[in-house]
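Participant: Let me give you the structure first, and then I'll get to my questions.
The values are calculated or read from the model by the stated rules, or taken from the named source; none is laboratory data. For clarity, every value in this text was computed on a predicted model and none was experimentally measured. Methodologically, a virtual Cβ is constructed for each residue, glycine included, from the backbone with ideal geometry; neighbour enumeration extends over all protein chains shown. Accessible surface areas use protein heavy atoms only, side chains included; no ligands, DNA or RNA. Shrake-Rupley method; radii C 1.70, N 1.55, O 1.52, S 1.80 Å.
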Amino acid sequence: MGETSGSFESLSIETKDHVAQVTLLGPGKGNAMGPAFWAELPVAFAALDADPEVRAIVLTGSGRNFSYGLDLPAMGGMLAPMLGGGLAKERADFHTMVRGMQDAITAVADCRTPTIASVQGWCIGGGVDLISAVDIRYASADAKFSVREVKLAIVADVGSLARLPLILNDGHLRELALTGKDIDAARAEKIGLVNDVFADADAALAAAHETAREIAANPPLTVRGVKDVLDEQRTDRVSASLRYVAAWNSAFIASKDLTEGITAMFEKRAPEFKGE
């Protein structure tokens, strides 16, 4: 594969035969999503969307895991003002930041080129936000998924709660989002979070590329038309949900439970939430 134009810290892009592979690189542990990721993802997908030679995109993670989600050590500063309660200015700034992060994931969803995720290992929080924005999802047998924000006293606000209702049965989604539980690849396939499960990461990635090649062999303008018509059915609903959750978190995220959830995570202990 050959590198496309552009140099990124958090991801790499390689293209071959009309198929681009976007690989998450971190630099946070487990391809965690830090400042570089949120800045670079929309730039990368805008470039791919504008490239007539790219007809399908495969999205995967480097190493053993797809993504641990938000890189809290690197992004902790965004929550610091809210941990102190946050007055109007801090809440407005937080709202702007959340909307920017939402836009980064939406750049994937709005890309006119079909996208296929190949997930291995952990796919947590922001990782689920990201795969909920693609068209097709494959997983390796060792993949594990978690909409874990609730365990940090956070309402997931970057895309999962907006897009998963269009992917999952309502009861399955509520079970994941309200418990923050982990599920394995077999369960993810059973509830429809992923299309298929493969023996290992290499097999899942190979299947994603095979599907990408099938898509790329079809007339590109027609493929874009199919995707555009399908996307039109969900655009307004997703947009309204994203706006609402950004406002909700800006108003209510500041809590003692948020401090406890983050502290407990770093101390590797069970949190004790008080509802305060």
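Participant: From the residues in the range 221-251 that are among the charged types (D, E, K, R) and open to solvent by 40 Å² or more (accessible area, probe 1.4 Å), which one is farthest from GLY77 (Cα to Cα)?
Facilitator: The selected residue is ARG224.
Participant: On the basis of being touching a Phe, Trp or Tyr at 6+ places or on another chain (Cβ under 6 Å), under 26 Å from ASP103 (Cβ atoms), surrounded by 13 or more Cβ atoms within 10 Å (Cβ to Cβ) and not basic (Lys, Arg), does ALA254 make the cut?
Facilitator: So ALA254 fails the test.
Participant: Starting from residues that are open to solvent by 30 Å² or more (accessible area, probe 1.4 Å) and assigned to a loop (DSSP other than H, G, I, E, B), keep the ones in the range 47-67 and report whichever is nearest to VAL147 (Cα to Cα).
Facilitator: Among residues in the range 47-67 that are open to solvent by 30 Å² or more (accessible area, probe 1.4 Å) and assigned to a loop (DSSP other than H, G, I, E, B), the one nearest to VAL147 (Cα to Cα) is ARG64.
Listed here are the residues, each with its yes/no results for (1) in contact with a strand residue (DSSP E or B) (Cβ under 8 Å, 6 or more places away or on another chain); (2) crowded, with 20+ Cβ neighbours inside 10 Å.
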{"position": "ALA141", "(1), (2)": "yes, no"}
{"position": "GLY171", "(1), (2)": "no, no"}
{"position": "ALA177", "(1), (2)": "no, yes"}
{"position": "ASP182", "(1), (2)": "yes, no"}
{"position": "GLY192", "(1), (2)": "no, no"}
{"position": "VAL197", "(1), (2)": "yes, yes"}
{"position": "ALA212", "(1), (2)": "yes, yes"}
{"position": "PRO219", "(1), (2)": "no, no"}
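Participant: With the requirement that a residue be outside any strand (DSSP E or B), small (Gly, Ala, Ser) and at pLDDT 95 or above, what does the range 13-33 give you?
Facilitator: Listed by number, the list holds a single entry, GLY30.
Conditions (1) at negative phi; (2) of a type in the set (A, V, I, L, M); (3) at pLDDT 95 or above, marked per residue:
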{"position": "VAL223", "(1), (2), (3)": "yes, yes, yes"}
{"position": "LEU242", "(1), (2), (3)": "yes, yes, yes"}
{"position": "VAL245", "(1), (2), (3)": "yes, yes, yes"}
{"position": "ILE253", "(1), (2), (3)": "yes, yes, no"}
{"position": "LYS256", "(1), (2), (3)": "yes, no, no"}
{"position": "MET265", "(1), (2), (3)": "yes, yes, no"}
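Participant: For the range 15-25, check the following and say yes or no: at least one residue is farther than 16 Å from LEU130 by Cα, of a type outside the set (Phe, Trp, Tyr) and open to solvent by less than 30 Å² (accessible area, probe 1.4 Å).
Facilitator: Yes, the range 15-25 contains a residue that is farther than 16 Å from LEU130 by Cα, of a type outside the set (Phe, Trp, Tyr) and open to solvent by less than 30 Å² (accessible area, probe 1.4 Å).
Participant: Follow-up question, since we're still on this one. Which of the residues spanning the range 32-48 are farther than 16 Å from GLN102 by Cβ and touching a helix residue (DSSP H, G or I) at 6+ places or on another chain (Cβ under 8 Å)?
Facilitator: Once the filter is applied, which keeps residues that are farther than 16 Å from GLN102 by Cβ and touching a helix residue (DSSP H, G or I) at 6+ places or on another chain (Cβ under 8 Å), the range 32-48 yields ALA32, GLY34.
Participant: Between residues in the range 210-227 that are free of Cβ contacts under 8 Å to residues at least 40 places away in the same chain and residues that are polar (S, T, N, Q) and surrounded by 12 or more Cβ atoms within 10 Å (Cβ to Cβ), which pairs lie under 9 Å by C-beta distance while being six or more apart or on different chains?
Facilitator: VAL226/ASN218
Participant: While we're here: Those residues that are open to solvent by 60 Å² or more (accessible area, probe 1.4 Å) and either farther than 19 Å from ALA117 by Cβ or part of a strand (DSSP E or B) (or both), I need them from the range 143-169; list them, please.
Facilitator: Result: LYS144, LYS151, ASN169.
Participant: State the number of residues belonging to the range 27-38 that are among the small types (Gly, Ala, Ser) and without any contact (Cβ under 8 Å) to a residue 40 or more places away in the chain.
Facilitator: Of the residues in the range 27-38, 1 are among the small types (Gly, Ala, Ser) and without any contact (Cβ under 8 Å) to a residue 40 or more places away in the chain.
Participant: Also, I was wondering about something else. I'm told ARG163 meets every condition in (1) touching a residue at least 40 places away in the same chain (Cβ under 8 Å); (2) in contact with a His (Cβ under 6 Å, 6 or more places away or on another chain) except one. Can you identify the failing condition by its number?
Facilitator: (2)
Participant: Here is a check on your reading of the model: is PHE8 buried (at least 16 other Cβ atoms within 10 Å of the Cβ), part of a helix (DSSP H, G or I) and of a type in the set (Phe, Trp, Tyr)?
Facilitator: Considered against the rule, which asks whether it is buried (at least 16 other Cβ atoms within 10 Å of the Cβ), part of a helix (DSSP H, G or I) and of a type in the set (Phe, Trp, Tyr), PHE8 comes out as no.
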